[in-house]
């Protein structure tokens with residue numbers, strides 16, 4: 001009897017783990033949009049990813065990053081918003097390539113992401129988010145880097 005309970009719980013656990021994976025429609029932006037990753041300037045990378053649409057500055061995207069990064073090799077970034085976002089990306093002009101990260105947001109999910117980036121020098125970091133209705137929102141801030149994280 002105990003063995004049956006154990007096996008039943010294992011099946012339920014496996015289903016719980018695999019079920020969310022079946023609904024993910026992640027986009028590999030490096031394969032589908034290589035020009036984004038080749039761009040050396042943020043403006044070029046933003047245009048390659050989002051086109052020529054108007055960027056609306058907003059305070060509805062909470063962008064948390066240190067003003068001074070003592071080590072450019074590991075800069076903590078947090079992005080949060082309640083906007084209905086389809087894609088959100090981070091760009092900077094400190095490294096040889098401007099695009100740092102692009103997230104495809106699953107249907108019905110809210111953005112609450114924390115991650116780390118590398119920057120070799122002080123630069124403006126720009127966040128661009130595309131809403132489900134096609135509106136492009138942006139926010140950004142300059143991050144001062146004391147010690148470069150890309151060999152600098």
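The values are calculated or read from the model by the stated rules, or taken from the named source; none is laboratory data. Remember, it's a predicted structure, so these values are computed and weren't measured experimentally. Note: ideal-geometry Cβ built from the backbone for every residue, glycine included; neighbour counts use all protein chains shown.
Numbers at a glance
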{"item": "Total residues in the range 71-98, condition under 23 Å from residue 35 (Cβ atoms), more than 10 Å from the chain's Cα centre (by Cα) and in a strand (DSSP E or B)", "result": "3"}
{"item": "Residue 37, sole failed condition from (1) within 16 Å of the chain's Cα centre (by Cα); (2) assigned to a helix (DSSP H, G or I); (3) without any contact (Cβ under 8 Å) to a residue 40 or more places away in the chain", "result": "(3)"}
{"item": "Sole exception among (1) in contact with a strand residue (DSSP E or B) (Cβ under 7 Å, 6 or more places away or on another chain); (2) loosely packed, with under 14 Cβ neighbours inside 10 Å for residue 130, by number", "result": "(2)"}
{"item": "So residue 99, is it under 14 Å from residue 123 (Cα atoms) and surrounded by 13 or more Cβ atoms within 10 Å (Cβ to Cβ)", "result": "yes"}
{"item": "Filter result (in contact (Cβ under 8 Å) with a residue 24 or more places away in the chain, exposed (fewer than 15 other Cβ atoms within 10 Å of the Cβ) and closer than 20 Å to residue 113 by Cα) within the range 61-74", "result": "66, 67, 74"}
{"item": "Residue selected from the range 11-48 under the condition at pLDDT below 95, touching a helix residue (DSSP H, G or I) at 6+ places or on another chain (Cβ under 9 Å) and under 24 Å from residue 107 (Cβ atoms), by the criterion surrounded by the most Cβ atoms within 10 Å (Cβ to Cβ)", "result": "36"}
{"item": "Listing of strands (runs of 3 or more DSSP E) fully contained in the range 111-150 that carry 1 or more residues being within 18 Å of residue 48 (Cα to Cα)", "result": "123-131, 136-147"}
